[in-house]
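Here is the structure we will look at, set down as structure tokens.
The values are calculated or read from the model by the stated rules, or taken from the named source; none is laboratory data. Just so you know, these numbers come straight off a predicted model, no measurement behind them. Backbone-built Cβ (ideal geometry, glycine too); neighbour counts: all protein chains shown. Side chains included, ligands, DNA and RNA excluded: accessible areas come from the protein's heavy atoms. Shrake-Rupley method; radii C 1.70, N 1.55, O 1.52, S 1.80 Å.
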Amino acid sequence: MRRSMSELFLHRRIPSPVPLAAAATAAEIHITSLHRRYTSSASGEELLREEKRRWLTLPPFRPPVDAAVVGRALSVRSSSLNSETVTALKWVLHCCPQIPRCLVQKLFRLRRVRRESNSNNASYLDTKAQQRLNRVSAKDIMSSGDRIFLPNSIQEFQSKKKEHCFDEDDVHYIRNLELYKDSAIVVVNKPPGMPVQGGIGIKRSMDVLAAAALRYDLEEPPRLVHRLDKDSSGILVMGRTQISASVLHFIFREKTFEASNDDTMNTQKILQKKYWALVLGVPRLTKGSISAPLTKVVMDNGKSDRIKIVDNVETRSSQHALTEYRVIGTSVHGYTWLELCPLTGRKHQLRVHCAESLGTPIVGDYKYGWQAHKKWKPIHCLNLLRESDNRPNNAYPHDINLEGGSIAEKQPLLHLHCRQMIFPNVSLALELMKSSVHEDLSQLERLDLVAPLPLHMQRSWDILRSL
């Protein structure tokens with residue numbers, strides 16, 4: 001049976017009226033809570049302090065300098081220094097380099113990161129809100145004086161972080177390799193046979209050993225800014241801080257970028273690397289430049305690869321590679337000492353250019369010069385008084401044998417050594433930046449570092465010089 005509209009209206013449920021006394025009591029409680037929250041500054045500050053105790057407090061944010069801007073100023077492309085925009089994610093990663101990036105990102109996704117704002121541009125209504133810890137997203141922009149708060153549980157993760165244990169021999173060995181150190185960088189003479197970066201099955205590498213032995217007064221470990229092949233040796237530069245490592249990263253990338261755009265004059269100004277190599281055979285010219293694009297080719301087994309020169313860049317993807325060379329000396333036995341200056345930083349660039357472009361593979365390079373080593377015959381020089389024997393012995397305390405490997409051995413080690421590197425004084429540039437002194441950074445002094453030859457190359461040098 002249908003009901004009329006009036007009947008429906010009469011049968012509709014009407015909520016019971018709230019008693020006046022109860023409403024007044026609720027309003028009084030609400031007003032009292034607001035009063036306690038916003039007008040009692042002492043109580044509010046106490047609650048804020050209590051809340052902060054539950055969080056790990058990071059240092060107040062200070063706008064850093066854009067590493068790319070500093071790098072361009074050092075490379076004569078710009079002389080202005082401006083601050084970069086920094087997100088909350090970047091600031092947390094900067095303050096906590098020991099925490100994995102994936103974990104930091106997860107904290108932001110779970111909304112477990114707080115910020116105490118210190119902006120001077122806030123309105124009166126936002127003043128009370130700034131005194132509380134507010135949620136912050138990973139992409140939020142930081143302002144000067146802002147503080148980030150992380151869960152205290154993150155400290156348990158840091159304490160459980162796996163630490164590599166090394167004895168005094170390891171520390172002593174790595175520190176003896178040190179060539180130069182200042183507030184921004186540390187430079188070592190990497191021995192042959194030691195990988196630069198750790199990985200699966202690698203127990204000891206330069207980055208791990210440097211983190212254990214070369215921190216000195218800093219909490220953060222040195223950071224790699226470029227690479228050397230495992231079997232090569234010589235100058236290895238590491239940034240001691242995040243900002244110095246970023247500036248060095250830019251300098252090394254800029255070197256390759258400028259060379260790829262045929263701006264070799266500016267490339268020589270920002271960074272110069274000089275390698276020494278002993279090769280099999282004699283180049284046709286005593287000096288010259290090699291411009292040969294490179295590409296990676298996967299071998300038939302699918303487990304290994306090698307770098308090759310590309311004949312037709314239109315049909316295959318490749319990377320521009322440029323190397324300058326000059327002959328240092330030749331030997332009657334068919335050996336040649338070369339000085340190689342890579343203007344680009346491609347994988348195995350020098351080894352491939354020597355083997356394929358010059359037709360003179362590097363001694364000990366069995367990957368790209370295996371055919372030339374099939375007829376290898378060691379050179380014996382029994383009556384030679386080797387100067388290398390009088391050098392201080394800095395024997396590696398574990399599994400790398402550096403005693404042999406010269407041309408007097410049946411199986412020589414790779415004879416490729418980064419002997420000299422000239423690059424901007426990053427430490428001085430950052431100090432001038434902090435002091436607000438406006439100078440042309442491109443005119444600052446340059447660091448000129450030289451690394452002695454490894455033992456096997458020094459012995460080969462002595463043998464060929466005595467013949």
Practice prompt. Arrange the peptides 186-193, 452-459 so that the one whose residues have, on average, the most other Cβ atoms within 10 Å appears first.
Written response: 452-459, 186-193
Worksheet item: Can you pull the semi-axes for the range 285-345, root of five times each eigenvalue of the Cα gyration tensor, sorted largest first, whole Å?
Response: 28, 16, 10
Worksheet item: Cα-Cα over 27 Å: which of K90/K308; K230/K296; K296/K374; K273/K375?
Response: K90/K308; K273/K375
Worksheet item: Label points 7 Å out from Cα along the Cβ direction at I141 and T57: separation in nm?
Response: 2.7 nm
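What percentage of all Cα-Cα pairs in the range 163-228 are separated by more than 21 Å?
Pairs farther apart than 21 Å: 16 percent.
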Response to the item:
The answer for E324, listing residues at least 5 apart or on another chain whose modeled amide H is closer than 5 Å to its amide H, is I290, C341, L343
Discussion item. Tell me the accessible surface of I251 in square angstrom (1.4 angstrom probe, heavy atoms of protein chains only), to the nearest ten.
Written reply: 0 Å²
Worksheet item: Which of the peptides 419-425, 405-411 is most tightly packed, and how do the rest follow, going by the mean number of other Cβ atoms within 10 Å of each residue?
Response: 419-425, 405-411
Fill in: the range 444-467-the range 199-245 distance, computed between alpha-carbon centres (Å)
22 Å
Worksheet item: Which residues' amide hydrogens lie under 5 Å from the amide hydrogen of C96, considering only partners 5 or more residues apart or on another chain, with H built in the peptide plane?
Response: none
Worksheet entry | Whole-Hz ³J(HN,Hα) from phi, Karplus 6.51 cos²θ - 1.76 cosθ + 1.60, for the range 285-293, glycine and proline x | 10, 6, 7, x, 10, 10, 10, 9, x
Response to the item:
If amide H atoms are modeled at 1.01 Å from N in the peptide plane, then the residues at a separation of 5 or more from V363, or on another chain, having amide H under 5 Å from its own are L278, V279, L280, H415
Discussion item. If R₀ is 25 angstrom, what is the calculated FRET efficiency for the pair L110 and E219, using the beta carbon separation as r and rounding to 0.05?
Written reply: 0.45
